[in-house]
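One structure is given below, encoded as structure tokens.
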Amino acid sequence: VRVAQRIRLEILKMIASTKIVLLRLLKTAVSTRCASFAASTPFIAVNSTVLESNLQKMQDLANRNSVSLRPHVKTHKSTYISNLQTRYGAEGFCAAKLSEASVFTDSETADILITSPIVSKGKLETFLSSPCNSQVSLTVDSEAAVDVLNKTLLGLPTLLTAKVYIKVDTGLHRCGVSADFNLLSLARHVLKHERLIFSGLISHAGHAYLATTKEECEAIANKETLLMNKARKRLEHDGIPVKTVSVGSTLTELARTDWTGIDEIRPGNYVFYDATALRKGLIESEEVALTVVATVISVNERFAIIDAGSKVLSSDFGAHGAASCSGYGIAWKMQSVECTSYPVLKKQIDRSFTITKLSEEHGWIDIELANEKFSVGDLIRIIPNHSCPVVNLANEFVLTKVDKEWLSIPIEGRGCVN
């Protein structure tokens, strides 16, 4: 018995030793792979743990308020992330343009709503001729857009119908009709055409990005709720049923307190977040999933120069022309690229500085304003002002996770703006 116990003990020791060796080998391999990315700056780093936490939180928000979550793919443009969103509970997707939508109709996410009016017959013919796009819904805000869509459907060889949403302007004054003036006549015009199926109303309160506080965002979101309910009642009073009221922007969904009559939300930026939501106090630093990693390549008496310029960070101060910030991102020095495997901490934000200005290939950090010492080779981690255009400028992002092999994820929708 004692011999058997000794043998068992020796075997357990061998197993434990083997596990330690394997763990060390794994960490070495991961560190080696991470080091290879350090030599390839600038690059976009997406923290896998934070990303999935953001997906779960938004899905939980939708579930608590009994609404469907139809995320916008314009932020990530990646089938890897859209498939994750589906697994977390997303019900369909939306896209801004037809070429962008085409990337996702071949994946697990065929139910897509196009949120911008399409008024080109040629674009519609090409898009709707593909069997993959038969479940796509379209948006209109004018009789001209309705007529182009109907004419396109009548000219196709197969007998197709199209689900149509009417966009309502709730304050952004970009696209959309007024709930008080043009809505009823436009809905009646849609119903005249048997190939068109009126499916609901959508809005985008993007002017929330011009707000400076969470309270201002809340007021905009709740006014959107009020206006959309007013629009629905106006149509239903005329005998036109409204199946779905769909609203959407990340900032409004984070701040909304009145969910009356809302059936669906369409946030996009929530997968990554960025400096905009952080500055408005709508999120904590630990919820930022996307950062840009850059290297200091030159230092002079006034500036530290990094290898990420407007072609990486974009020259965007924020969505919809919001200019509520100075500089081109929140930045700080980091010891190694492995730091991107960990969430952004408040203490890092507290000692951060801004990217002062950009040229195409370079970022400029004002040394005096940064109150930091810089050396050539320093690694800089940056939260961009607006993550959506940053993603559209890259071919891939790097998915990072502690003690896991990093993955390069293609951005299939990059540049799809037609």
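Listed values, structure above:
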item: Crossing angle, helix 2-38 versus the chain [Cα axis fit, 0-90 degrees, rounded to tens]; result: 60 degrees
item: Surface accessible to a 1.4 Å probe, Asp263 within the full protein complex, Å²; result: 50 Å²
item: Equivalent ellipsoid semi-axes, the stretch 63-203, via Cα gyration tensor eigenvalues times 5, rooted, Å; result: 24, 20, 13
item: Paired Rg and Dmax values of the stretch 238-324, which use every Cα atom, in angstrom; result: 19.0, 71
item: Filter on Lys57/Lys280; Lys280/Lys404; Lys123/Lys311; Lys57/Lys163 - keep pairs with C-alpha separation over 26 Å; result: Lys280/Lys404; Lys123/Lys311; Lys57/Lys163
item: Helix-derived mean residue ellipticity, 222 nm - over the chain, DSSP H n ≥ 4, -39500 (n - 2.57), to 500; result: -11500 deg cm²/dmol
item: Net charge of Cβ neighbours under 12 Å - reference Tyr273; Lys, Arg +1; Asp, Glu -1; result: -1
item: Surface accessible to a 1.4 Å probe, per residue, for the residues of the chain, Å²; result: 45 Å²
item: Fraction of accessible area attributable to carbon and sulfur, the chain (%, probe 1.4 Å); result: 54 percent
item: Loop-located trypsin sites (Lys or Arg not before Pro) in the stretch 189-236 whose Cβ has at most 16 other Cβ within 10 Å (DSSP); result: Lys192, Arg195
item: Point-to-point label distance, Arg174-Glu125, nm (Cα→Cβ direction, 7 Å offset); result: 3.0 nm
item: Cα-derived Rg to Rh of the stretch 127-202, Kirkwood definition; result: 0.99
item: Amide hydrogen neighbours beyond the local backbone of Ser68, cut-off 5 Å, H modeled; result: Glu264, Ile265
item: ³J(HN,Hα) computed for each position of the stretch 159-167 - Karplus, 6.51 cos²θ - 1.76 cosθ + 1.60, integer Hz, glycine/proline x; result: 7, 10, 10, 9, 7, 10, 10, 9, 8
item: Whole-Å distance, taken between Cα centres, linking the stretch 295-364 and the stretch 236-259; result: 37 Å
item: Counted charge near Gly309, where neighbours are those whose Cβ lies closer than 9 Å (Asp, Glu -1; Lys, Arg +1); result: -2
item: Surface accessible to a 1.4 Å probe, Lys347 within the full protein complex, Å²; result: 140 Å²
item: Degrees separating the helix 79-88 axis from the principal Cα axis of the chain, which is the longest one; result: 80 degrees
item: √(5λ) per eigenvalue of the Cα gyration tensor, the chain, largest first, Å; result: 44, 27, 21
item: Modelled label reach - Ser298, point 7 Å along Cα→Cβ, the stretch 361-399 residues with backbone N closer than 19 Å; result: 361-368, 374-380
item: Cα gyration tensor, the stretch 35-101 - rounded (a/c under 1.5), prolate or oblate; result: oblate
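The values are calculated or read from the model by the stated rules, or taken from the named source; none is laboratory data. Fair warning: this is a prediction, and the values are worked out from it, not measured in the lab. Glycine also receives a Cβ, built like all others from the backbone with ideal geometry; neighbour counts cover every protein chain displayed. For the accessible areas, the whole protein counts, side chains as well, though only heavy atoms, and no ligand, DNA or RNA atoms are used. Shrake-Rupley method; radii C 1.70, N 1.55, O 1.52, S 1.80 Å.
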